[in-house]
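Values quoted throughout were computed directly from the atomic coordinates according to the rules given, and no laboratory measurement underlies them. As the structure is a prediction and not an experimental result, all values here were calculated from the model. Note that each Cβ is placed from the backbone with ideal geometry, even for glycine, and that neighbours are counted across all protein chains shown.
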Ligand code: IPE
Ligand code: IPE
Ligand code: MG
């Protein structure tokens with residue numbers, strides 16, 4: 001499986017609520033069980049040799065959910081970061097985050113910053129948690145930064161623009177996975193997925209395991225990415 005290893009995989013982790021419903025439980029039970037799926041995605045990405053894994057954990061629009069669910073999700077986030085930190089260190093994993101992090105509860109911000117700081121010199125897989133994130137928010141934010149810096153129009157190009165996005169050290173995703181049996185982007189990485197290969201496994205997030213990731217990578221390796229060229233040009 002070592003040929004064409006994707007450098008960056010992004011995942012929209014959807015379907016926790018319905019998974020819980022199917023098990024006759026409250027929605028939060030699905031979120032709790034989603035943590036095991038996250039662990040599988042991280043381990044699988046590491047084993048496959050992927051460099052970057054971006055996980056959509058909470059969108060700007062998710063703030064419109066009932067307060068009890070938001071509170072439970074934020075608590076779960078704090079707990080999960082605490083519990084996983086040691087494992088991240090052991091596996092040389094670096095944690096980063098994108099989104100409007102200042103809008104998160106203080107305890108969450110502190111736990112997150114602590115984990116980011118603790119893991120910052122790790123050199124293996126980098127995980128990017130998208131929290132209070134949306135693609136439109138990120139693009140508008142980039143435009144604001146360009147104006148603040150007084151960048152002249154001639155210097156604003158498709159190559160310079162991404163410098164002002166949240167994470168300009170990371171290449172665009174090669175693969176985007178969305179679980180949850182929905183076929184939409186839900187405001188994730190709108191700029192970065194221009195040429196990303198899309199995968200929609202028909203499972204709910206808590207059922208996601210390493211093998212799903214390996215199967216997707218294998219299918220990715222069969223695809224031809226043409227970036228506007230002809231197939232013949234790519235083969236040369
Ligand atoms: C994804 O699962 C997790 C978050 C958006 C935080 P959902 O909570 O959206 O689960 P469904 O889509 O309602 O089943
Ligand atoms: C997308 O899932 C956001 C995350 C997985 C964090 P949603 O459940 O919020 O998406 P929609 O509302 O069904 O599009
Ligand atoms: Mg959903």
- Note on the structure: Of 226-232, 110-116, ordering from highest average Cβ density within 10 Å down gives 110-116, 226-232
- Item | C-alpha center-to-center spacing [the range 39-104, the range 170-236] in angstrom | 20 Å
- Message: Can you give the FRET efficiency to the nearest 0.05 for residue 144 and residue 90, using r as the Cβ-Cβ distance and R₀ = 41 Å?
- Response: 0.55
- Item | Quotient of Cα Rg and 2.2 N^0.38 Å for the range 105-204, N being how many residues it contains | 1.27
- Query: Taking only DSSP H segments of four or more residues, each worth -39500 (n - 2.57), what value at 222 nm results for the chain once the sum is divided by all its residues, to the nearest 500 deg cm²/dmol?
  - Reply: -13500 deg cm²/dmol
- Compactness index (Cα Rg / 2.2 N^0.38 Å), the range 1-72: 1.32
- Plugging the Kirkwood radius over Cα pairs into Stokes-Einstein for the chain, at a temperature of 37 °C and a viscosity of 0.692 mPa s, what D comes out in µm²/s? 175 µm²/s
- Query: Could the peptides 19-32, 120-133 be put in order, highest first, of the mean number of other beta-carbon atoms found within 10 Å of their residues?
  - Reply: 120-133, 19-32
